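All remarks here apply to the structure that follows.
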Amino acid sequence: MDEFEGIHPKIKVVRNLDQDDDDDQVRKRILLSSAELIPDDTFQLLQEKYHARKEDTFNICIPHHQQPVTRILSKMLPEEAQPPPSSYEQVGHVVHVNLKAQHVDYGKIIGSILLDRLQPTTKTVVNKLGEVGGPFRTYQMGLLAGEDDYFVHVVEHGVSLYFDLRKVYWCTRLEGERTYMLKNEFQPNQIIADAFCGCGAQLIRAASKKGCRIVANDLNPDAVEYCKESARKNGIDVSPGNFDVQCGDAREFIMNLGMRMSESSSTTPASDTTINAFKLPHHLLLNFPLDSPSFLNALRWWPSGEVMDPPPRIHVYTFARGDDERTEAEVAIDMVADGLLPEGGYSIASKFRGDYLNELGCNVEAREIRDAAPGKLVICVSFSASRTLLRRMQGDFFD
C-alpha cells in the first residue's frame, strides 16, 4: 500500500491493543512512525480509505523483542556501519552472520544484540570467516558473543541431528530439498545410497520416516561418526545392511555399490523380493555441487547384464551458469552428459545432449535448487541409470 510508504515502520509482529472501556466498537490501529510526520494529503487518504481520525492517534512503546533484528541494529550502529547486517542463519543454538567490511569493527556489538534479541534459543553468535572450502567443505568462524560451544542439536521435521558446526558441512537452506526428495522421490523401504552424505540429515529422515535402507559414504570421518550417532539417537538400527555409512573416496564408493548391494542381497531370504530384485540402490545422491558430474564415470563399473525395472535413479547436484545459448538447467544437463559419456574431447564443450540421454532411457529431469551467486544456481539433474546407458559407458554401442 503506497500510502504507508515512509510512515509505517516495518515491524512484523505487533500485539493487539486493548479497547477503551467505553467504546464497544471494534477498531483497527494503524502503526505509524510519527503522526506529526504524516503529510496532509496522506492523512486525507487515510481518512477516506480507513476512516482514520487524527484525534485518535497516541504513542505506544513497542518492546525490543517484537522488533526485527535489523531495526534494532540500525538504531544501535553508527552511520559508518549502515546498512546493518540483513540476515543470519541459526543452527541449533549457534547463530552465524556474514559481516561485511563496514561491520567488522562493530562485530562484538552486533553479536551482543543478536544474542540478547534471540534469547533463549541462542547461546553463541559467530562470524563466518572466508568461504566454504577444503576437502570437508567447512569454514572458519570467529566468536562474536556468547559461549564458545559449537556442538549443536538440530531438529528437522521431528528428526534430531547432532554435530560440531566447525567440523562438518551444513546448509539449513537445503531443508526444503530434503523434504522434496522424501515426498516426491523416495518410496518406503527403498535402498538409498549417498556418496557425499555429510552428517546424514537426508538419510536419517529417509530411514526414520520411510523405513529406507541406507548405504552411504563421506570423506570426512567426523561427519561419518556424527551421522551414525544421530541415527542411533533417533532409534535407527545402524547395523550393516540397514544403515551402513563408511568413510572413504566417493568414486570408489560408487564403483563398489553394485558388488556391495549384490553381496548384501545374497544373504537375504529369497522371500524378500524387494531386496533380491534390486542389486543396486533405488537412488544414488551426489550432492557435491563443486564437482559431482566428474564422479559419474564410476557408474561404468555397475552391472549392465541384467534388466533393472525400474533402473536406479541418480540425483546429481551441480553449480551451473547459463550462457548465450543455454539455460542453467541445460548447462547442468550437458555437464552430466559429459560426465557420463564424454564427447568431442576436452577442448569442445558438449551442448544440448538431454535428448540423447533420453534416447538411452535416462528420463532426464532438472530442477533449480537455490541461488549460489548472481547468475549461478545449484541445479539437481536426475536421470535413470538404464541398462542401455551403462552398456554405452562400458563401450557397447550395439543395441
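So the values come out like this:
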{"read-out": "Candidates 277, 250, 270, filtered to the one that is crowded, with 17+ Cβ neighbours inside 10 Å and either modelled with pLDDT of 95 or more or out of contact with any Phe, Trp or Tyr (no Cβ under 7 Å at 6 or more places or on another chain) (or both)", "value": "250"}
{"read-out": "Top-ranked residue of the stretch 336-356 - restricted to ones that are farther than 14 Å from residue 386 by Cα and of a type in the set (Phe, Trp, Tyr), ranked as modelled with the lowest pLDDT", "value": "346"}
{"read-out": "Residue 201 open to solvent by less than 60 Å² (accessible area, probe 1.4 Å), without any contact (Cβ under 8 Å) to a residue 60 or more places away in the chain and under 15 Å from the mean Cα position of the chain (by Cα)", "value": "yes"}
{"read-out": "Residues located in the stretch 357-399, provided they are without any contact (Cβ under 8 Å) to a residue 24 or more places away in the chain and assigned to a helix (DSSP H, G or I)", "value": "358, 359"}
{"read-out": "Count of residues meeting criterion [outside any strand (DSSP E or B) and closer than 22 Å to residue 136 by Cα] in the stretch 206-226", "value": "8"}
{"read-out": "Residue 194 surrounded by 17 or more Cβ atoms within 10 Å (Cβ to Cβ), in contact (Cβ under 8 Å) with a residue 60 or more places away in the chain and either within 25 Å of residue 298 (Cβ to Cβ) or not polar (S, T, N, Q) (or both)", "value": "yes"}
{"read-out": "Of residues in the stretch 220-247 being surrounded by 14 or more Cβ atoms within 10 Å (Cβ to Cβ) and over 19 Å from residue 163 (Cα atoms), the one farthest from the chain's Cα centre (by Cα)", "value": "241"}
{"read-out": "One residue from 85, 120, 135 being farther than 25 Å from residue 289 by Cβ, within 22 Å of the chain's Cα centre (by Cα) and not in a strand (DSSP E or B)", "value": "85"}
{"read-out": "Where a residue in the stretch 227-246 is in a loop (DSSP other than H, G, I, E, B) and its partner, wherever it lies, is open to solvent by 60 Å² or more (accessible area, probe 1.4 Å), with Cβ under 6 Å and at least six apart", "value": "238/232"}
{"read-out": "Any chance residue 374 is in contact with a strand residue (DSSP E or B) (Cβ under 9 Å, 6 or more places away or on another chain), open to solvent by 60 Å² or more (accessible area, probe 1.4 Å) and modelled with pLDDT under 95", "value": "no"}
{"read-out": "Residue under evaluation residue 318, criteria (1) under 15 Å from residue 381 (Cβ atoms); (2) over 26 Å from the mean Cα position of the chain (by Cα), criterion not met", "value": "(2)"}
{"read-out": "Unique residue being loosely packed, with under 14 Cβ neighbours inside 10 Å, modelled with pLDDT of 95 or more and out of contact with any Gly (no Cβ under 6 Å at 6 or more places or on another chain) when the list is 330, 359", "value": "359"}
{"read-out": "Matching residues in the stretch 216-247 - criterion: being among the charged types (D, E, K, R) and within 17 Å of residue 159 (Cβ to Cβ)", "value": "228, 229, 232, 233, 237"}
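The values are calculated or read from the model by the stated rules, or taken from the named source; none is laboratory data. Bear in mind the structure is a predicted one, so any value in this text is a computation, not a measurement. We place every Cβ from the backbone using ideal geometry, glycine too, and count neighbours over all the protein chains shown. Each accessible area value is taken on the protein alone, full model and side chains, heavy atoms only, with ligands, DNA and RNA left out. Shrake-Rupley method; radii C 1.70, N 1.55, O 1.52, S 1.80 Å.
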